[in-house]
Amino acid sequence: MARRAAVTNDLLADDGYVQKVDAIGDPLQKIKAVVDFSALAQAVEKIVPRPEQPKGGRPPYPTEVMVRVLVVKRLHGLSDEQTEFQLLDRRSFRRFCGLEHSRNIPDRTTIWNFENRIGVEGVTALFNELDRQIRAHGLEARAGQIVDATLVPAPKQHFTREEKEVLEQDAMPADWKPAKRRQKDVDASWTKKHGKSYHGYKFTVSVDREHKLVRTWIADTAKVHDSQHLEAALDEWNTSAEIYADKGYVGADREERLREHGYRPQIQRKANLGKPLSACQERRNQRIAKVRARVEHVFAAITQWGGKRIRTIGQARATFAVGMMVVVYNMRRLAFLGA
C-alpha cells in the first residue's frame, strides 16, 4: 500500500498561493496602497526625461516600473544581478512592479543604466515627491526634530604610499588607466568611532520626533565631522522649535546661532577633561537621550533589511544609494503608520 503524501499537483495552485500571501500580508502591497508611484515617476521624468529612442529599437520600460524595481532592490538589499533573478523567480515582486504578465523583465544592465541616468537629481525628486505625499496624508512634523548621522560602509580601497600622497593633493596618479580609475573609489574615506576605524560614507538625517519619518538628508564622505551638517539638515517645515542631538553637535557658538534663528537646541552636554558633568547635566542628557533614541530606530530599520551599505564607487553613486535608503524607509514607515 502506497504511503499518502501532502504534496499534490494542481494547475491552479499559483492562484491559491497569491490568496494566501494576501491573507498573511504582502509588505509590498501595503506600500503600494499608500504610495502614488505614478506621481513619483512623473516627478523623475520632469527632472530627467526619458531619452528619445531610435525607430526600430527596443522600447524602454516605463519609468514607473523602473522606480518600483529600485524600491524592490533597495528594500531587500539586492545587487542588480540578484534583482533580475528575484524578479524572474518571485511572483510578488513582479506583481508589485507591474510585470506579473510581462514577457520581458528588466535585466541587470537595464537597472544599472536607469540608476545612472536619473542619478542624484532623480532620487532627490523621488524624495521630494514622497515627502509631499506624506504631508498630504496629514503627517506634518509638529513635535520637534532629531538630527543625527550614521556611517555607511563601502568597499575598502588599497593604495600604495605614493598613490596616497597624490590623492591627498586632489590629483590622480598618472599611471592609472581609465579602467583602473573607474574601479578606485577616491571619495570614500576613513574615520574613527568609539576607537574603531570605518571606511565609507556618512549620511545625516533630520527625523521628526512624532512620526519617525526622515524629513531631510545629506550624504558626505566619512571623514567629515557630524556637526558640519547640523544647520543644513534642519527641517524648516517642522513647526516645533526644538532640536535634539547628541554630544557630537555640542558647541556654544552653534547653539547661540540656533537660538538667534528661533530654535531651542536640546543638545547633550559633553564632559571636559578633569571636569565631569554635574548631576543636573546628567539628568538633562538622560532626558534628551530618551527622545534622541528615536533616530536610532530609523538607522536600525535600514540596517535590518540590508540597506545601510554601499556597493558602488564614488560620491555621486553613494549619494544615490543613500537617497534610495531614505526613500524606501519612508515608504515602509508610511505603510506602517497606515496613512
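The values are calculated or read from the model by the stated rules, or taken from the named source; none is laboratory data. All figures in this text were calculated on a predicted structure; none of them were measured in a lab. Here the Cβ is made from the backbone with ideal geometry for all residues, glycine too, and neighbour counts use every protein chain on show. Keep in mind that these areas ignore ligands, DNA and RNA; they rest on the heavy atoms of the full protein, side chains included. Shrake-Rupley method; radii C 1.70, N 1.55, O 1.52, S 1.80 Å.
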Do you know which residues across region 219-233 are surrounded by fewer than 18 Cβ atoms within 10 Å (Cβ to Cβ), in contact with a strand residue (DSSP E or B) (Cβ under 7 Å, 6 or more places away or on another chain) and not β-branched (Val, Ile, Thr)? 223, 232
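Scan region 224-251 residue by residue and report those that are in a loop (DSSP other than H, G, I, E, B) and under 16 Å from residue 319 (Cβ atoms). Can you show your working first?
To start, the set of residues in region 224-251 that are in a loop (DSSP other than H, G, I, E, B) comprises 224-225, 234-241, 246, 250-251.
Within region 224-251, 224 is the sole residue that qualifies.
Going by what's in this entry, would residue 25 be described as more than 23 Å from residue 324 (Cβ to Cβ) and either in contact with a His (Cβ under 8 Å, 6 or more places away or on another chain) or open to solvent by less than 30 Å² (accessible area, probe 1.4 Å) (or both)? Steps first, please.
On the way: more than 23 Å from residue 324 (Cβ to Cβ): yes; either in contact with a His (Cβ under 8 Å, 6 or more places away or on another chain) or open to solvent by less than 30 Å² (accessible area, probe 1.4 Å) (or both): yes.
When the stated conditions are applied, residue 25 passes them.
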Name the single residue, out of those in region 298-316 being part of a helix (DSSP H, G or I) and in contact (Cβ under 8 Å) with a residue 24 or more places away in the chain, that is surrounded by the most Cβ atoms within 10 Å (Cβ to Cβ). 302
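Would you point out which residue out of 287, 259, 332, 294 is more than 23 Å from residue 79 (Cβ to Cβ), part of a helix (DSSP H, G or I), open to solvent by 40 Å² or more (accessible area, probe 1.4 Å) and touching a residue at least 12 places away in the same chain (Cβ under 8 Å)?
Only one candidate passes the filter, namely 294.
Here is a check on your reading of the model: is residue 50 open to solvent by 90 Å² or more (accessible area, probe 1.4 Å), farther than 28 Å from residue 333 by Cβ and in contact (Cβ under 8 Å) with a residue 12 or more places away in the chain?
On the way: open to solvent by 90 Å² or more (accessible area, probe 1.4 Å): yes; farther than 28 Å from residue 333 by Cβ: yes; in contact (Cβ under 8 Å) with a residue 12 or more places away in the chain: yes.
Against the criterion (open to solvent by 90 Å² or more (accessible area, probe 1.4 Å), farther than 28 Å from residue 333 by Cβ and in contact (Cβ under 8 Å) with a residue 12 or more places away in the chain), residue 50 qualifies.
For region 82-187, which fully contained helices (runs of 4 or more DSSP H) count at least 1 residues that are open to solvent by 50 Å² or more (accessible area, probe 1.4 Å) and at pLDDT 95 or above?
Details: elements: 91-97, 108-136, 161-167, 178-183.
By residue number, 108-136.
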For region 234-248, which positions are within 26 Å of residue 125 (Cα to Cα) and either open to solvent by 40 Å² or more (accessible area, probe 1.4 Å) or under 15 Å from the mean Cα position of the chain (by Cα) (or both)? 236, 237, 239
All but one of (1) under 20 Å from the mean Cα position of the chain (by Cα); (2) at pLDDT below 95; (3) not charged (D, E, K, R) hold for residue 72; state the number of the condition that does not hold. (2)
Consider only pairs whose beta carbons are under 8 Å apart and that are at least six residues apart or on different chains; among these, list those whose first residue lies in region 1-23 and is under 21 Å from residue 93 (Cβ atoms) and whose second residue is loosely packed, with under 10 Cβ neighbours inside 10 Å and of a type in the set (D, E, K, R). 16/10
So is residue 319 closer than 29 Å to residue 200 by Cα, at pLDDT below 90 and in contact with an Asp or Glu (Cβ under 9 Å, 6 or more places away or on another chain) or not? no
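Residues are listed down the side, and each one gets a yes or a no for (1) over 29 Å from residue 306 (Cβ atoms); (2) in contact with a helix residue (DSSP H, G or I) (Cβ under 9 Å, 6 or more places away or on another chain); (3) free of Cβ contacts under 8 Å to residues at least 24 places away in the same chain:
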{"residue": "162", "(1), (2), (3)": "yes, no, yes"}
{"residue": "165", "(1), (2), (3)": "yes, no, yes"}
{"residue": "189", "(1), (2), (3)": "no, no, no"}
{"residue": "209", "(1), (2), (3)": "no, yes, no"}
{"residue": "221", "(1), (2), (3)": "no, yes, no"}
{"residue": "230", "(1), (2), (3)": "no, yes, no"}
